[in-house]
Amino acid sequence: MTMPEGLERALPENVGRDMFEALVIRTDFSDAESWNAVVGELCRPYGPAGEFPARVQIVDVPAWSGATADEVLAAVDAYEDLSVVFLADRETMQSPARALLALTTTWEDESDLDPVYDQELIESPEPREFRAAPAAVHDVHANLALGNLDFVEFAEAAAAEPDQVLRPV
């Protein structure tokens, strides 16, 4: 589904209000069974002994079908306390790991970088995305919200995995 020119996708009014709820946006509606499995995994308690309740806000609205990463990032731009958003896209539905696409909401705008002082960032920008198993979503979101870890640390951990998917430790 392609949005008509001039229209932007909008999140429901109640989205993005709690900084401790992971935000997951469904952008692929091709496989209800896979989606239900993803939601089931997202709603399980997490932590080493399952001691933390799942806190997730799910946007399951067909208007988001086919939304691109850039459209999602534009829609969540107003939420200052949101450092990561997760997409349940086509790859999520087709992947055996049901890996969600994690997108950072903060990154350096190259036009703001000084070519003299920021050459390394210009030549090797920090990652903007990585894949995370649903069971890893809560750890990623909580650690980013609290500032315990940086997005790049999670992206590097995912990149080190054979299938490029971050899983809980």
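Could you tell me which of the residues 67, 88 is at pLDDT below 95, surrounded by 11 or more Cβ atoms within 10 Å (Cβ to Cβ) and in contact with a Ser or Thr (Cβ under 9 Å, 6 or more places away or on another chain)?
Working: 88 fails: at pLDDT below 95.
It is 67.
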Checked pairs for region 135-150, first without any contact (Cβ under 8 Å) to a residue 40 or more places away in the chain and part of a helix (DSSP H, G or I), second open to solvent by 20 Å² or more (accessible area, probe 1.4 Å) and basic (Lys, Arg), C-beta under 9 Å and 6 or more apart or across chains, list as 136/167
Got a number for residues in region 36-55 being in contact with a helix residue (DSSP H, G or I) (Cβ under 7 Å, 6 or more places away or on another chain), open to solvent by less than 40 Å² (accessible area, probe 1.4 Å) and modelled with pLDDT of 95 or more? 2
If you take the residues in region 100-147 that are among the aliphatic types (A, V, I, L, M), in contact with an Asp or Glu (Cβ under 7 Å, 6 or more places away or on another chain) and over 19 Å from residue 78 (Cα atoms), which one is modelled with the highest pLDDT? 101
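The values are calculated or read from the model by the stated rules, or taken from the named source; none is laboratory data. Everything numeric in this text was worked out from a predicted model, so none of it was measured. FYI the Cβ positions are ideal-geometry reconstructions off the backbone, even for glycines, and counts take in every protein chain you see. Quick note on the areas: whole protein, heavy atoms, side chains included, nothing else; ligands and nucleic acids left out. Shrake-Rupley method; radii C 1.70, N 1.55, O 1.52, S 1.80 Å.
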